[in-house]
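Here's the structure, in structure tokens; my notes come after.
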Amino acid sequence: MSNQKKLREDITFLRAISVLMVVIFHFTFPLSKGGFIGVDVFFVISGFLMTQIIETGLQEDKFRYSQFLVSRIKRIWPAMGVMLLTLLAVGAVFMPPLDTSVIASQVLYAVGFVSNHYFLSTSGYFSGDNDSRWLLHTWSLSVEWQFYMIYPFILKASRSLSMRISSAPNFLKVHVVILTVLLIASLALCVYVSKHDASTAFFLLPTRAWEMLAGGMAFFAYRYIRLTKLQSMLLSYMGLAIIAGSFVFIGRFDLERLWPSYYAIFPVAGAVLVLWAAFTANRVMKNRILQSIGLWSYSIYLWHWPLVVFFGITLFEEKFSPESKIIGFTLSVALGYISYRFVENANAQSIKTMLLAIKKPAIIMASAGITAGILISLKGLDYKTSNDPFYASLLAKPQATQMPSECNNFKTPAEKLKTCRVEKGSAEKALVIGDSHARHLYPWFAAKSPLSTDFLVSVGCPSLPGYNRTGAGYYCDKFSDKAWGEALSGEYSVVFVSMNWGAFKSGMCRIENGHCVPVNSTEAPISKLDNLLNAAKSKGIKVVLVGPTPFFPHSVPEYLYRHAFWTKSSETQLPAADFGKVNEDFIRLFESVQERYSSNINYEPIAKTICADNVCSVYDAELKIPIFMDADHFNPDWIVARGDVLMKYLGRFN
């Protein structure tokens with residue numbers, strides 16, 4: 001903002017530690033898993049400052065909505081617009097058309113300050129698939145901007161209502177009560193939505209507004225509740241301790257899967273205490289380096305995330321870790337300083353005419369939007385790759401029949417689960433159960449299976465009774481009960497079980513007395529599966545365990561596309577990282593049960609057709625298609641052509 005030099009040192013310090021937490025989290029520094037709470041602290045700071053500006057203006061009868069918007073435009077648009085234009089330029093000059101188009105599309109959402117809705121519709125914040133999410137970090141700027149648009153009206157309406165309800169000396173109490181009710185309502189909505197869909201609660205203003213309203217409460221406490229120096233010191237240190245504790249323990253217990261929910265109360269409360277205390281007699285807070293980083297924090301935040309994505313897709317992070325983390329951190333701070341010094345400061349001076357004040361910021365943002373529109377219309381400058389059929393094969397839409405989306409059963413309660421049938425008119429039936437790794441077999445069954453086949457799938461749910469995802473809104477345990485109930489019912493001639501077996505090493509929990517207890521080893525899940533297979537054997541049910549699917553750190557078609565663009569060569573094999581190690585316990589079980597129950601239980605290591613020594617073929621030169629459609633799911637066209645290893649389990653039904 002234009003009066004940055006007048007900011008309290010404690011606020012600048014809070015900004016510094018907030019942006020540092022976010023940056024080290026995104027560059028995956030050790031012990032930084034709780035760093036995402038920096039955004040929550042930013043929201044509180046923003047609410048405090050906006051309440052201060054608006055309330056002071058209303059109290060003095062000097063507040064003008066247009067002037068408020070101009071001040072926000074001058075503060076936010078220039079640095080953001082320059083970052084967007086630079087990213088578009090880098091995309092146009094250095095990036096393949098695929099990425100240039102993605103960047104341009106995301107720029108339009110960022111310019112319109114609706115990128116939070118865009119990223120909610122594409123994937124969750126913590127999904128880890130960052131190859132194409134160049135502007136993910138702008139979600140928080142969109143939420144703040146949306147808040148800025150309506151907050152003055154909320155405060156003005158609350159003040160007016162308070163004055164009608166109460167006399168002048170007491171109206172402020174009513175005003176604060178009204179805002180507190182709104183805060184509680186937003187928090188309650190946040191907690192409720194987080195239980196069912198954490199991503200929605202994470203990205204949207206109604207479930208985030210309480211954090212900024214909490215900043216508003218901190219302002220009222222700061223202005224109207226006087227503290228002694230000792231009280232200020234104690235509250236400030238208590239607030240910092242709560243923020244530090246949140247950083248450590250939230251990361252330690254992997255609470256990001258449920259964020260924000262009521263867990264966000266802790267960093268928010270810590271920030272509120274620091275802002276209320278206004279205690280600056282602290283040498284750490286006054287540290288010149290931290291004060292500088294606090295001043296540069298907005299620009300650091302703007303620039304750090306595109307570096308994270310760039311380091312990821314160029315494999316710089318993988319090849320040069322941990323050096324890449326230090327380089328990325330240093331570059332983020334350096335670019336933040338440059339942006340602050342030459343962009344933010346250049347637009348901080350006071351200009352009396354509103355039109356002149358917004359002229360430069362408007363030109364910058366309009367230029368970003370127009371440039372993005374041009375690049376989209378030119379399909380990301382696809383003339384660079386249009387003459388090479390290899391690129392086209394990587395982007396081609398599969399022609400094979402895929403499972404209907406209504407049968408994905410993503411976060412679906414047991415009573416609403418849908419089964420999709422591949423109808424072949426046979427008297428006997430097959431069943432396929434599992435997660436998305438069962439779904440990606442659907443094209444083969446649709447094209448080749450001689451049996452009518454039911455698919456009972458729940459995307460995101462590796463399927464063992466008694467186990468659930470640690471994230472919010474999953475019903476994996478209930479789904480698994482139903483899926484294995486069908487599998488052991490005796491109604492099917494053969495049951496195929498296919499899932500992300502390695503998921504039981506991370507992100508799963510065992511349900512005990514209604515509580516979700518994180519799984520720390522595969523011993524219990526393997527014992528559970530062994531018991532289920534023993535039950536199938538005793539009932540004479542034929543089960544085929546489809547082995548694990550290779551997984552890669554990047555979307556395979558996108559990786560091959562970029563590699564070909566930058567190296568002018570085609571790659572057909574990739575290392576599958578820890579594929580064997582992650583799945584070794586289950587693979588031992590599969591081999592063991594096949595030996596013990598060979599007449600009924602079969603193990604089909606489908607990955608062996610393409611992998612050897614953790615190196616896998618990822619492009620089928622004969623078919624001229626990628627083998628994978630993303631990081632760990634088979635291309636529908638490929639599985640139809642190469643999945644006939646499954647036919648031997650259906651042979652007698654031909």
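The values are calculated or read from the model by the stated rules, or taken from the named source; none is laboratory data. This structure is a prediction, so every number in the text was calculated from the model and none was measured. Cβ sites come from the backbone with ideal geometry, for glycine too, and all protein chains shown count toward neighbours. The protein model used for the area step is the full one, side chains on, heavy atoms only, and it has no ligands, DNA or RNA in it. Shrake-Rupley method; radii C 1.70, N 1.55, O 1.52, S 1.80 Å.
For the reader, a short list of remarks on this structure follows.
- Surface calculation, 1.4 Å probe, protein heavy atoms: LYS286 sits at approximately 100 Å² accessible.
- The chain - Cys residues lacking any other Cys C-beta under 4.7 Å: CYS190
- When the solvent-accessible area of the chain is split by element, carbon and sulfur atoms take up 60 percent of it, the probe being 1.4 Å.
- The C-alpha atoms of the chain define a longest principal axis, and helix 288-313 lies at about 20 degrees to it.
- Radius ratio Rg over Rh of segment 9-378, counting only Cα atoms, Kirkwood formula for Rh: 0.96
- DSSP assigns beta bridges within the chain; of those with both partners inside it, close to 50 percent run antiparallel.
- Pairwise label distance in nanometres, ARG64 with SER160, each label 7 Å out on the Cα-Cβ vector: 2.0
- Each part gets one Cα centre, and for segment 545-578 versus segment 240-314 those centres are 35 Å apart.
- Segment 9-378, relative contact order [Cα under 8 Å, separation at least 6], %: 33
- Taking 0.36 nm per residue of separation and subtracting the current Cα-Cα distance, fully stretching the chain between LYS379 and GLU523 would add 46.8 nm.
- Relative to one another, the C-alpha centroids of segment 169-187 and segment 467-542 are positioned 48 Å apart.
- For the chain, the longest principal axis of the Cα atoms and the long axis of helix 138-165 meet at an angle of about 50 degrees.
- Within the chain, helix-based [θ] at 222 nm, where runs of 4 or more DSSP H residues each add -39,500 (n - 2.57), nearest 500: -18500 deg cm²/dmol
- Mean sequence separation of contacting Cα pairs (under 8 Å, at least six apart), scaled by the length of the chain, corresponds to a relative contact order of 15 percent.
- Heavy-atom accessible area ranking, 1.4 Å probe, most first, across ILE363, ILE76: ILE363, ILE76
- Across segment 106-262, the mean sequence separation of Cα contacts (distance under 8 Å, 6 or more residues apart), normalised by length, yields a relative contact order of 24 percent.
- Taking all pairs of distinct alpha-carbon atoms in segment 226-275, Kirkwood radius in angstrom: 11.4
- Summed residue charge, Cβ within 13 Å of ALA218's Cβ, Lys/Arg positive, Asp/Glu negative: -1
- The region of the chain that goes longest without hitting one of the GluC sites (Glu not before Pro) in a DSSP loop, each with at most 15 other Cβ atoms within 10 Å, is 61-422.
- Accessible surface, 1.4 Å probe, highest first, among residues TYR492, TYR262: TYR262, TYR492
- Heavy atoms of ARG8 accessible to a 1.4 Å probe, total area in Å² rounded to 10: 50
- Taken one residue at a time, the phi angles of segment 605-618 give Karplus couplings (6.51, -1.76, 1.60, θ = phi - 60°) of x, 4, 5, 5, 6, 10, 10, 8, 6, 6, 10, 10, 5, 10 Hz. Gly and Pro are set to x.
- Sequence of VAL422, VAL284 from largest to smallest accessible area, 1.4 Å probe: VAL284, VAL422
- TRP484 exposes around 10 Å² of accessible area when a 1.4 Å probe is run over every protein chain in place.
- Here the 3J(HN,Hα) profile of segment 439-456, calculated from phi with Karplus coefficients 6.51, -1.76 and 1.60 at θ = phi - 60°, is 4, 6, 8, 3, x, 5, 5, 5, 8, 10, 5, x, 9, 4, 10, 8, 10, 10 Hz, Gly and Pro shown as x.
- The chain, accessible area per residue, ligands and nucleic acids excluded (1.4 Å, Å²): 43
- Most positive-pole-ward Cα, ILE374, ILE37, ALA277, against dipole of segment 9-378 from beta carbon charges: ALA277
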